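The values are calculated or read from the model by the stated rules, or taken from the named source; none is laboratory data. Because the structure is predicted, anything quoted here is derived from the model rather than measured. Methodologically, a virtual Cβ is constructed for each residue, glycine included, from the backbone with ideal geometry; neighbour enumeration extends over all protein chains shown. Side chains included, ligands, DNA and RNA excluded: accessible areas come from the protein's heavy atoms. Shrake-Rupley method; radii C 1.70, N 1.55, O 1.52, S 1.80 Å.
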2 protein chains.
Amino acid sequence: MNRREEVVRRLAAAGVVLGEQDDVELADFGLGRFEEIGLALVVYENNDRYCAKELVLLPNQLCPEHRHPPVGDDPGKQETFRCRTGEVTLWVDGHGELTLRPGDQFTIPPDTLHWFRAGADGAIVSEFSSRSTDENDVFTDPQIVR
Amino acid sequence: MNRREEVVRRLAAAGVVLGEQDDVELADFGLGRFEEIGLALVVYENNDRYCAKELVLLPNQLCPEHRHPPVGDDPGKQETFRCRTGEVTLWVDGHGELTLRPGDQFTIPPDTLHWFRAGADGAIVSEFSSRSTDENDVFTDPQIVR
């Protein structure tokens, strides 16, 4: 089973059906260590006003520390994470470490450093947010290219 | 089983876990015929920038024709419906009738008349949108009070 099939299998096990228009994005942040540092994304909708995605994390997979800075009139992306399956440890600057389990959610203010890591069984997290512009994200690790 | 329990049961069957902070809203639009004209909602997040909800519809239940008009600087609520389970018939002014099945989605422009009705097994629809302000919704049926 390749990575994409593994993501689709995990989504299906959580009751998430993908449509013909859906694309699975595999992000390794240019580090080439996807299983450790990376995540898979299905972007349902991303327009000028709002964005919705599913984030699929393998066991212990890390999305590394970053923030969403202001861009022009936009104060920076604000995002709500809601855990659907598995467990995720979320660190947010000023809030410390939180553990999100199914049904738990947390809203990350704009321009605030954060990272998150899945637990031993992986995790699926729904992300609801303002417009997503990955190219503006600022990662703490200078080796990272989104 | 009361209405609220039925909604929670339908969500659980679709793999949607509710958290302690979640509330189930039962909307009958003031008509007192909930099983025919109404829907249940779980609002995950609703802030100045974006909103995310699950809509739970009983078999053949109708959400009646309405639109989200401009309010002040806001051009009106824009919303993306994504069918998770069941089947829903969505009518959108200028687009006609569409059938959404699991994995299908459609984005309704601001200030555009629409209604939707679940199929014979009911439906769960995820709604991603700009800010939700129910009190501004304009329903075609003058008897409706949201």
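Using a 1.4 angstrom probe on the protein heavy atoms only, could you order B:ARG10, B:ARG67 from most to least accessible area?
Descending order: B:ARG67, B:ARG10.
If you count, for every residue in A:71-84, the Cβ atoms of partner chains within 10 Å of its Cβ, what is the mean?
Neighbouring Cβ atoms belonging to other protein chains average 2 per residue here.
On average, how many beta carbons from a partner chain sit within 10 Å of the beta carbon of a residue in B:46-53? Show your work: numbers first, answer last.
Numbers: counts 2, 5, 2, 13, 11, 4, 9, 1.
The per-residue average across the peptide is 6.
With a 10 Å radius around each residue's Cβ, average the other Cβ atoms per peptide and rank B:43-55, A:51-63, highest first. Show your work: numbers first, answer last.
Values: B:43-55: 19.4, A:51-63: 21.1.
The densest-packed peptide leads the list: A:51-63, B:43-55.
For B:121-127, what's the mean count of beta carbons from other chains sitting within 10 Å of each residue's beta carbon?
Other-chain Cβ atoms within 10 Å of each residue's Cβ, averaged: 1.
Using a Förster distance of 41 angstrom, determine the FRET efficiency expected from the C-beta separation of B:ASP28 and A:ASN47, and round it to 0.05.
0.85
Taking a ≥ b ≥ c as the square roots of the Cα gyration tensor eigenvalues, with a/c under 1.5 meaning rounded and otherwise prolate when a/b beats b/c, else oblate, which class fits the protein assembly as shown?
Taking the square roots of the gyration eigenvalues as a ≥ b ≥ c, the protein assembly as shown is prolate.
Which order do B:GLU135, B:GLU79 take when ranked by solvent-accessible area (1.4 Å probe, heavy atoms of all protein chains), largest first?
My answer, sorted largest first, is B:GLU135, B:GLU79.
Does region B:9-82 classify as rounded, prolate or oblate by the C-alpha gyration tensor (a ≥ b ≥ c root eigenvalues; a/c under 1.5 gives rounded; else a/b over b/c gives prolate, otherwise oblate)?
It is oblate, given that a/c is not under 1.5 and a/b is not larger than b/c.
How would chain B be classified by its alpha-carbon gyration tensor: rounded, prolate or oblate, with rounded meaning a/c under 1.5 and the a/b versus b/c comparison settling the rest?
Cα axes put chain B in the rounded bin.
If I take all pairs of Cα atoms in region B:46-129, what percentage of them are more than 19 Å from each other?
So the pairs more than 19 Å apart make up 34 percent of the total in region B:46-129.
May I ask what percent, to the nearest 5, of DSSP beta bridges between residues of region A:1-107 are antiparallel?
The antiparallel proportion sits near 95 percent.
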